[in-house]
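The values are calculated or read from the model by the stated rules, or taken from the named source; none is laboratory data. Keep in mind it's a predicted model, so treat the numbers as computed, not measured. A quick note on method: Cβ atoms are made from the backbone with ideal geometry, for glycine too, and the neighbour counts reach across all protein chains shown. Accessible surface is based on the protein model in full, side chains and every heavy atom, while ligands, DNA and RNA are left aside. Shrake-Rupley method; radii C 1.70, N 1.55, O 1.52, S 1.80 Å.
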Amino acid sequence: FAWSAWRPPPPPVLQVVPLTSYPGSETQPSFSPDGSQVAFAWNGGSETDWDIYVKVVEAGTPLRLTSTPTTDHSPAWSPDGRHIAFLRQSETGSGFFLVPPLGGLERKLTDASPDRTGLETPYVAWSPDGLRLAISDKYAPDNPMSIFLLDPASGERRPLTFPPPKALGDSAPCFSPDGMSLAFIRTFSLAVSDIFVVPVTGGEPRRITNDGRRIFGMVWSRAGNRIIFSSARAGSARLWRIAPNGSGLERIIGVGENASFVTTSPRGDRLAYTRSQIDTNIWRYRLPGAGGDPEPLRLFPSNRQETGARYSPDGRRIAFSSNRTGSQEIWVGDSEGVNAQPLTAFGGPATGSPSWSPDGRTIAFDSRPGGNPDIYLIPAEGGAPRRFTTDASAEVVPTFSRDGAMVYFASNRTGSFQIWRKPLGSGDPVQVTRDGGFRAIESPDGKWLYFAKSTAASGLWRMPLEGGLEEPVLESLAGGFWGYWELARNGIYYVSRQEVEGEGVKYSLRLLPVPSRPDTLVMPLPRRPYNAGLALSPEGTHFLYTQVDQSDTDIMLVNHFR
């Protein structure tokens, strides 16, 4: 009876090892059909020059497949191993391309929209039979992103999803193993998204998750009975799995935090994902010519993310957003960077963009506790937050009027983000801009409203507070820098981004006197900015700047995955 003592060996333990550890950022892995190689996007240490590379899993130097000054990303290896599809983004000519895995002549499949702000990658996926691609793109420039099925031979594409007009759109397509269904991420507004599944023959998508948290890519399990995805539903991004019918949600233990853009090998025994660790901090810099300590000071230090710092009107306190406790909340501390205390306790949804009322008694901010972005008001000394906007659309980035009677905010209730304002007392919201608006600030003299048009558009604009035509003010404000400008009585301070030949990207603080020209250099800045984070002290001697102090993005390999 020796057979009765036999026990099957325990399953192998998950083994997590770095697949890449190069300078800069590597992301968006895609396995070859035999699982021996991985295609990925890498910026080579530059912030903007992304290209497609291929690497043998076990060892070896990566092979560079593309070499352009554009952004090449979202690689997807074809099932027959003959091609790698990818998205090339540029302001002048974006498109979906194919390139052989050993390098060689590229072939363009179709044009693509360059504007993908707020959506999660990747944007390309192959069907299991290799006969079609799923891509994320737009019907027209003003439409949200949708999923299309693309024939790589003819370039013909068929729309598969039709997101609501106010949504940012659909991205991260992923075919089921049998090729009959396609999962995707629908992003309703910034940092608010859920997973949907739709038949490849078309029809109404089925919603799989319902908590409106940010999702960073996904993949089907080999058996097709689970969808593995990355989500920030518990503080930092982690890996989860869920059945295609929405049941059985569970966290994958032993993989680690900060995981995103997950993929599996065709055999299903290997998993790869992007691990991103970023430490952003608020620094106080002294303006040239001002008295006091000339050395910059890091305020409220942590190894997490701090951003959106704003001085109180008397300059004695600072409100900011931080995820140091696991969830992003509004905090308030002393102007010297100490005694920080949480002001909100939502416990999960993205919360940020604090703004002080002129009397210093109230802080406005945006949050998403129910999955819908809205403006909230809270006493600066603490208390219960009050929901200020209640429309089903997205309302974000509040600022107070100079007299404290109104709150400006960005809303997409008309289909695109525009500036609106609403009285603190009774009264309905009133639309202010008609051709785009995102962050708005009244001028110190009370005559103008200055605003950035969107999260991606470059330039700064203004319009008379009493009504009238808008006009451009600062064309050199870079796209994405919607929160890196500040009004002062002597002009507009803003962060400039410039490509310097042989030196890479350089950042600096500049001052544009209004209405005179041109702008002047105030001082160079040592590190790149992060999100929204420039604030001038009330006395005009210092400024707060949110910068990236440490950033590490690599691809991790999980062996013995099951």
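Odds and ends about this structure:
- Residues within region 480-490 that are over 22 Å from the mean Cα position of the chain (by Cα) and not in a strand (DSSP E or B), tallied: 2
- Region 318-334: number of residues that are surrounded by fewer than 19 Cβ atoms within 10 Å (Cβ to Cβ) and either at pLDDT 95 or above or among the small types (Gly, Ala, Ser) (or both): 2
- Residue tally, condition part of a loop (DSSP other than H, G, I, E, B) and open to solvent by 40 Å² or more (accessible area, probe 1.4 Å), over region 34-45: 4
- Considering 466, 499, the condition of being open to solvent by 40 Å² or more (accessible area, probe 1.4 Å) and outside any strand (DSSP E or B) is satisfied by 466 alone.
- Residues that are in contact with a strand residue (DSSP E or B) (Cβ under 8 Å, 6 or more places away or on another chain), open to solvent by 10 Å² or more (accessible area, probe 1.4 Å) and outside any strand (DSSP E or B) within region 537-553 comprise 538, 540, 541, listed in sequence order.
- Qualifying strands (runs of 3 or more DSSP E) (wholly inside region 259-316; at least 1 residues being open to solvent by 30 Å² or more (accessible area, probe 1.4 Å) and closer than 25 Å to residue 25 by Cβ): 259-264, 270-286, 297-299
- With respect to (1) over 19 Å from residue 443 (Cα atoms); (2) in a strand (DSSP E or B); (3) open to solvent by 20 Å² or more (accessible area, probe 1.4 Å), the lone exception for residue 493 is condition (1).
- Count - residues of region 423-437 that are crowded, with 17+ Cβ neighbours inside 10 Å and either over 17 Å from residue 391 (Cβ atoms) or without any contact (Cβ under 8 Å) to a residue 40 or more places away in the chain (or both): 4
- The residue that is nearest to residue 391 (Cα to Cα), counting only those in region 222-233 that are of a type in the set (Gly, Ala, Ser) and surrounded by fewer than 19 Cβ atoms within 10 Å (Cβ to Cβ), is 224.
- One residue stands out in region 184-197 among those that are out of contact with any Phe, Trp or Tyr (no Cβ under 7 Å at 6 or more places or on another chain), open to solvent by less than 20 Å² (accessible area, probe 1.4 Å) and not hydroxyl-bearing (Ser, Thr, Tyr): the one that is modelled with the lowest pLDDT, namely 192.
- Matching residues in region 440-482 - criterion: being of a type outside the set (S, T, N, Q), under 19 Å from residue 507 (Cβ atoms) and modelled with pLDDT of 90 or more: 452, 459, 460, 474, 475, 477, 478, 481, 482
- Which numbered condition residue 343 fails, given (1) without any contact (Cβ under 8 Å) to a residue 12 or more places away in the chain; (2) farther than 19 Å from residue 529 by Cα: (1)
- Unique residue being buried (at least 16 other Cβ atoms within 10 Å of the Cβ), outside any strand (DSSP E or B) and either in contact (Cβ under 8 Å) with a residue 24 or more places away in the chain or small (Gly, Ala, Ser) (or both) when the list is 534, 509, 477, 557: 477
- Filtering region 138-165 to residues that are touching a Gly at 6+ places or on another chain (Cβ under 9 Å) and either surrounded by fewer than 18 Cβ atoms within 10 Å (Cβ to Cβ) or among the charged types (D, E, K, R) (or both) leaves 138, 142, 143, 158, 159, 165.
Residues are listed down the side, and each one gets a yes or a no for (1) of a type in the set (A, V, I, L, M, F, W, C); (2) free of Cβ contacts under 8 Å to residues at least 24 places away in the same chain; (3) over 24 Å from residue 491 (Cα atoms); (4) in a loop (DSSP other than H, G, I, E, B):
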{"site": "375", "(1), (2), (3), (4)": "yes, no, yes, no"}
{"site": "393", "(1), (2), (3), (4)": "no, no, yes, yes"}
{"site": "403", "(1), (2), (3), (4)": "no, no, no, yes"}
{"site": "407", "(1), (2), (3), (4)": "yes, no, no, no"}
{"site": "446", "(1), (2), (3), (4)": "no, no, no, yes"}
{"site": "449", "(1), (2), (3), (4)": "yes, no, no, no"}
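- In the set 54, 124, 99, only one residue is of a type in the set (Val, Ile, Thr), open to solvent by less than 30 Å² (accessible area, probe 1.4 Å) and under 25 Å from the mean Cα position of the chain (by Cα); that residue is 124.
- Among (1) among the hydrophobic types (A, V, I, L, M, F, W, C); (2) surrounded by fewer than 16 Cβ atoms within 10 Å (Cβ to Cβ); (3) within 25 Å of residue 483 (Cα to Cα), the one test that residue 253 misses: (3)
- Condition met for residue 350 (assigned to a loop (DSSP other than H, G, I, E, B), crowded, with 20+ Cβ neighbours inside 10 Å and among the aliphatic types (A, V, I, L, M)): yes
- Any hit, region 69-89, residues being touching an Asp or Glu at 6+ places or on another chain (Cβ under 7 Å) and open to solvent by less than 20 Å² (accessible area, probe 1.4 Å): yes
- When residue 517 is tested against (1) assigned to a loop (DSSP other than H, G, I, E, B); (2) touching a Phe, Trp or Tyr at 6+ places or on another chain (Cβ under 9 Å), exactly one condition is not met: (2).
- Matching residues in region 84-123 - criterion: being in a strand (DSSP E or B), small (Gly, Ala, Ser) and touching a residue at least 40 places away in the same chain (Cβ under 8 Å): 85
- For region 198-221, taking the residues that are open to solvent by 10 Å² or more (accessible area, probe 1.4 Å) and assigned to a strand (DSSP E or B), the one that is modelled with the lowest pLDDT is identified as 216.
A quick yes/no check of all residues on (1) among the small types (Gly, Ala, Ser); (2) within 22 Å of residue 356 (Cβ to Cβ):
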site	(1), (2)
418	no, no
423	no, yes
427	yes, yes
438	no, yes
450	no, yes
